[in-house]
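Just below is one structure, and these are the notes that go with it.
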Amino acid sequence: MLSSLVRKAICLAMFFAFPQGLFAQSFVEVAEDVGIECSYVATNLMGGGLAWFDYNNDSLLDVYITCGHDMDRLYRNNGDGTFTDKSFSAEIWETDNRNTTGVVTGDINNDGYREIFVTTWNSGLSPTFKKNFLYLNNGDGSFTDITIAAGLLEQKFTMSATFVDVNLDGYLDIVTGNYIEDAGVIYDASNNPIGFSHECFSDDLYLNNGDLTFTLANEMYGIQNDGCTLALLATDFDRDGDQDLMFANDFGPWVIPNTLLRNNYPDSSWTDVSEETGADVQLYGMGWGHGDYDEDGFIDYYCTNLGRNVLLDNQGGQAFADSTTYCQVESEIFGGGLAAGWGACMFDYDNDSYLDLLVSNGKIDAVSWLANSTYQKNQLFRGSASGVFEDVTESELEENDMKSRGCAVADFNQDGALDFGVVNVYNLLSSSNDAFTLYQNQGEVGNYVAFQLKGVNCNADAFGAFVKVFAGNRVFSHEVTCGSSYASQNSSIVHVGLGSVDLVDSVIVYWPGQAAETFDYIQPNQLNYFVQDTATFIALPIDTIGVDTLIIDTLKIDTLITDTVPVDTIITQIANRRILALNAFIHPNPVKSEFNITCAIEVRSRVKISWKDQFGREAWAVHDAIRNKGVHEIKTPVPPHLAQGVYICEISTETESLMKRVVFSGD
């Protein structure tokens, strides 16, 4: 097999042999160049995942990579496009004596730091199953193994997991997807294998007690999936405000097909709606990709397979239609055998406003009727307004003949173009050495907007939140969820490609178990932080002169925030904060000539209203007077000296306050 350096040399030679730009690819493999060097070592080629998250709260996305029999790796993002291996200082040494498979992250105690949950199989070549790992984030760059103290004592062949607040109490619970317990094969009279009769481990639900301990709640919640789970996804498929569970089950035609459990919150139970919704597809389910590719407000699901993959088009939260063939994303055949799909991600790689689809493929040894090609390319499908995808693998991805498994998406260098990592397996029984690959997006992209959510009255990661972005007379829907793909976790930053649209009309955030909030007139091409209920909205524009962006919180609720990515400097401030107790309404917005406020005053108080510029300086004192309790209409013409632009309107009484962005467009 060609080494990474040789492949790069060949690609470079081809680049200069042909007219430049003719074969320009969007994605370039850069793992070794940016400091990431590790392999997934496993004897049976199962597993291999990664998780994108910010473990040290420096506003940069780091990456955790499972390495099978080798020690896992945690790479810190340096903010300059490179990474540093912090595995030893992070104290995740125990993984060196365990066959790790997948990983997810989540803040289990809402202290602002994410914990790491690693799924495992066994130790070394021993057939004995082992416990998973739960690492508590100490907030100083290190982690503590609290698995036993937390009560996570099950020992199973665990392939996937997710953090999800199943009972909406504000604390993240854990669900694990478990695989084969006892293997069984069906033979014909000539002793030829013709099917499977595996016994599968039950999946587990651990309820968060709020004190760094968990309670195994399988019986209490009636969680039931008898399949051999390879991938697990927490998602609100019916948009009723709570997250449901989707299981991709291997050996579906023989054991149990894919399973969908509907969350019956506030009842502590689940209902199996697999058959009635059509989610019970019978395949060798490997991984999940998800997103609202047809913009109908409901999340759709793509399940990988050993053979034909399946795209389940969500029909209003009531049923699913198989849209795979119409959308041209079957990905069934490679060479003389089947395609073996593992990870899958729906994301907009070129920011043209249409979701694209990434599928990671890789050979797995199988019986004759499931024979799959030795060399299989990862695939990239470009989405369109019609819902039909185009296979752009050849034009956008470098050649790849590795045995790929988990994949996950993130904008690791915060340039507005989504990148992705892929775990490739190293087989102890062969001479191949397939290292982790990181594909940096260097293609031409359109406008975008991104959101990082912080829960206050819900879980801190806002897992389960649903976001609607209104822009260009279209509505883009995204769900903030935990693990997906195969044994992996995408960045939880919501990234929306906008194409040529240069203004976001508004964004609605449906916080899990809480009231929705609306944010207005958001500029594109920046990362925004939304903090629930306070509700802080901080905009981080993309830099141009290489100095950090400074964020000033004028209400002093948050400390100063520094964007540590050396790309563009604009001093800005909170663009929108609502303290709903004030109960004030500003209209119209944008403002033309007259400024109107309707506000309900709870007690007699002085009411102050002013407009401030982006530096926090007062541009216009609108109102300052004593007002009695009750509803007041305050109407004021905008003074002629005021320049057109964006301002912060601050309305305050002696006990309440509200800040909101207003756009003054003039006559």
(request) Using only Cα positions of the chain, each an equal point scatterer, no hydration layer, compute I(q)/I(0) via Debye at q = 0.06, 0.12 Å⁻¹ and quote the log10 values to two decimals. (result) -0.34, -1.27
(request) Quickly estimate the mean residue ellipticity at 222 nm for the chain, helices only: each DSSP H run with n ≥ 4 gives -39500 (n - 2.57), and the total goes over all residues, rounded to 500. (result) -1000 deg cm²/dmol
(message) Need one word for the range 24-97: rounded, prolate or oblate. Basis is the Cα gyration tensor (sqrt eigenvalues a ≥ b ≥ c); a/c below 1.5 gives rounded, then a/b vs b/c decides.
(response) oblate
(request) Which order do the peptides 154-160, 468-474, 290-296 take when ranked by the mean count of other beta-carbon atoms within 10 Å per residue, highest first? (result) 154-160, 290-296, 468-474
(request) Apply the Kirkwood formula to the range 366-435: the hydrodynamic radius equals the inverse of the mean of 1/r over all pairs of different alpha-carbon atoms; give it in Å with one decimal. (result) 14.7
(request) Considering the options G343, F470, F412, tell which one lies farthest towards the positive end of the dipole of the chain, charges being +1 on Lys and Arg and -1 on Asp and Glu at the Cβ, about the Cα centre. (result) F470
(message) Sorting check: for 199-206, 178-185, which peptide has the highest mean count of neighbouring beta carbons within 10 Å, and how do the rest follow?
(response) 199-206, 178-185
(request) Rounded to whole Å and ordered largest first, report the semi-axes of the equivalent ellipsoid of the range 243-346 derived from its Cα gyration tensor (root of 5λ). (result) 24, 17, 11
(message) Please give the charge dipole size of the chain, origin at the Cα centre, charges +1 on K and R Cβ atoms and -1 on D and E Cβ atoms. Round to the nearest 20 debye.
(response) 1260
(request) Would you work out what percent of the accessible area of the chain, with all protein chains in place, is carbon or sulfur (probe 1.4 Å)? (result) 51
(request) Over every pair of different alpha-carbon atoms in the range 296-423, take the mean of 1/r and invert it; report that Kirkwood radius in Å. (result) 15.3
(request) Report the Stokes-Einstein translational diffusion coefficient (µm² s⁻¹, integer) for the range 67-178, Rh taken as the Kirkwood radius over Cα pairs, at 4 °C with viscosity 1.567 mPa s. (result) 88
(request) Just tell me which lysines come within less than 26 Å, Cα to Cα, of K608; anything on the same chain fewer than 8 places away is out. (result) K556, K592, K629, K635, K660
(message) Quick check on the range 388-508: take the gyration tensor over C-alpha atoms, sort the square-rooted eigenvalues as a ≥ b ≥ c, and tell me if it's rounded (a/c under 1.5), prolate or oblate.
(response) oblate
(request) Report the extension gain between K635 and A24 in nm, rounded to one decimal, defined as 0.36 nm multiplied by the number of residues separating them, less their alpha carbon distance. (result) 214.3 nm
(message) On C-alpha positions alone, give me the angle between the axis of helix 4-17 and the longest principal axis of the chain, in degrees, nearest 10.
(response) 70
(request) Output the peptides 186-197, 394-405 sorted from most to least packed, where packing is the average of other Cβ atoms within 10 Å over each peptide's residues. (result) 394-405, 186-197
(request) In whole angstrom, note down how far apart the Cα centers of the range 58-97 and the range 320-364 are. (result) 29
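The values are calculated or read from the model by the stated rules, or taken from the named source; none is laboratory data. Given the structure is predicted, the values throughout are model-derived calculations rather than measurements. Note: ideal-geometry Cβ built from the backbone for every residue, glycine included; neighbour counts use all protein chains shown. To get the accessible areas, we keep the full protein, side chains included, count just its heavy atoms, and leave off ligands, DNA and RNA. Shrake-Rupley method; radii C 1.70, N 1.55, O 1.52, S 1.80 Å.
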